[in-house]
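*Asks:* Shown below is the structure under consideration.
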Amino acid sequence: MKLLHLVGFTLSVFLTASVYAQDDYVIADKKNAKASLKKDIYTVPNPDYTSYFISPTAYTITKRDFRIANNDLLFLKLTYGLTSNTNISLNTSLFGSLIGSLKHQLKVDEEKSIALSASFGEFFMTLKDTSVMFSGVDACFTLGNHQNNLSFGTGFWFINSNIEMIQNKKQFYAHSINFGIQSQLAKKIYVMVDGYYFTNYSMFAGAAGLKFIIKTRYALNLGVMPMLRNDIRNNRYDIKPFVLPVASFRMLIERRN
């Protein structure tokens, strides 16, 4: 009888252990499946990681690569990688402008980067004999990777015009703070939100929408751009909100050996 009880107890312990072991296997298997699925998202590279809709990240393109960006068919930007940490860019627009910039990345670790940039150029505008000289410096900090990241930045800009512009001035400066966030929703789909706020003129311009990766080199951004501005030309504080559609196409041309 004691032997029968002992056998029964041993069998129940064995069956209980087997059930728990099976549960552990199922849980572990689910965890591995989720990890594999999450890892599978990153198999398609993000070719457009140096900026959001309108604001920059701290990242730079690789040495000898080219990046072409076009916003709303009005603005065109060409970027070339002098090194993997130093890029030069040329910006132009249909309004008549030509601005060059130099950007250098300081990598803190694998998920933290700082970038310093300097820009100089001229707005020819559309009026005859009108010219606006532009120069500025800015800094940006990015936390994350090329797929999921968060950025903050600040900049100082100086404008010298041959006509009176803001508050009846020909020379004035502007200070801006900017932010940006990007999150990967699927292999080839990202959501982005970013914006600029000019502190000394109480002006805001932002953008929100989706990024679609086409093959491995192209990105198409579609969204809206909310803006708030004062009537700063005549020292009036008349807030005027409006929203514009925004569409941009970016392409990365890799020229690695």
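*Asks:* Among (1) surrounded by 15 or more Cβ atoms within 10 Å (Cβ to Cβ); (2) within 28 Å of the chain's Cα centre (by Cα); (3) among the small types (G, A, S), which single condition is A118 missing?
*Replies:* Against the list (1) surrounded by 15 or more Cβ atoms within 10 Å (Cβ to Cβ); (2) within 28 Å of the chain's Cα centre (by Cα); (3) among the small types (G, A, S), A118 comes up short only on (1).
*Asks:* For segment 198-218, name all the residues that are of a type in the set (V, I, T), farther than 21 Å from F158 by Cβ and without any contact (Cβ under 8 Å) to a residue 40 or more places away in the chain. First the steps, then the outcome.
*Replies:* Residues of segment 198-218 of a type in the set (V, I, T): 199, 213-214, 216.
Okay, now just the ones that are also farther than 21 Å from F158 by Cβ, so 213-214, 216.
The one that is of a type in the set (V, I, T), farther than 21 Å from F158 by Cβ and without any contact (Cβ under 8 Å) to a residue 40 or more places away in the chain: I214.
*Asks:* Here's something else I'd like to know. Take segment 56-93 and flag every residue that is touching a residue at least 40 places away in the same chain (Cβ under 8 Å), part of a strand (DSSP E or B) and surrounded by fewer than 21 Cβ atoms within 10 Å (Cβ to Cβ).
*Replies:* If the condition is that a residue be touching a residue at least 40 places away in the same chain (Cβ under 8 Å), part of a strand (DSSP E or B) and surrounded by fewer than 21 Cβ atoms within 10 Å (Cβ to Cβ), then F66, I68, N70, N71 are the ones that fit.
*Asks:* Moving to a separate point now. Among the candidates I181, I177, I163, which residue alone is in a loop (DSSP other than H, G, I, E, B), hydrophobic (A, V, I, L, M, F, W, C) and assigned by TED's automatic domain parsing to the domain that holds F124?
*Replies:* Details: I181 fails: in a loop (DSSP other than H, G, I, E, B); I177 fails: in a loop (DSSP other than H, G, I, E, B).
It is I163.
*Asks:* Of the residues L73, L98, which single one is modelled with pLDDT under 95, assigned by TED's automatic domain parsing to the domain that holds F179, more than 21 Å from the chain's Cα centre (by Cα) and within 24 Å of S248 (Cα to Cα)? Steps first, please.
*Replies:* On the way: L73 fails: more than 21 Å from the chain's Cα centre (by Cα).
Within the list L73, L98, the selection yields L98.
*Asks:* Can you go through Q105, Q147 and tell me which one is in contact with a strand residue (DSSP E or B) (Cβ under 6 Å, 6 or more places away or on another chain), in the same structural domain as Y190 (by TED's automatic domain parsing), part of a loop (DSSP other than H, G, I, E, B) and not basic (K, R)?
*Replies:* Values: Q105 fails: part of a loop (DSSP other than H, G, I, E, B).
Only one candidate qualifies: Q147.
*Asks:* Among the listed residues V132, V193, V108, V137, identify the single one that is touching a residue at least 60 places away in the same chain (Cβ under 8 Å) and β-branched (V, I, T). Lay out the reasoning, then the answer.
*Replies:* Working: V132 fails: touching a residue at least 60 places away in the same chain (Cβ under 8 Å); V108 fails: touching a residue at least 60 places away in the same chain (Cβ under 8 Å); V137 fails: touching a residue at least 60 places away in the same chain (Cβ under 8 Å).
The unique qualifying residue is V193.
*Asks:* If you don't mind, there's one more thing I want to ask. Of the residues F158, F242, which single one is of a type in the set (F, W, Y), surrounded by fewer than 17 Cβ atoms within 10 Å (Cβ to Cβ) and modelled with pLDDT of 90 or more? Walk me through how you get there before you give the answer.
*Replies:* Details: F242 fails: modelled with pLDDT of 90 or more.
The conditions single out F158.
*Asks:* Shifting gears a bit: Which pairs have Cβ atoms under 8 Å, sit 6 or more apart or on different chains, and link a residue in segment 39-53 that is part of a helix (DSSP H, G or I) to one that is of a type in the set (G, A, S) and at pLDDT 80 or above?
*Replies:* Pairs found: I41/A186.
The values are calculated or read from the model by the stated rules, or taken from the named source; none is laboratory data. Since this is a predicted model, take the numbers as computed values, not measurements. Neighbour counts run over all protein chains shown; Cβ positions are idealised from the backbone, glycine included.
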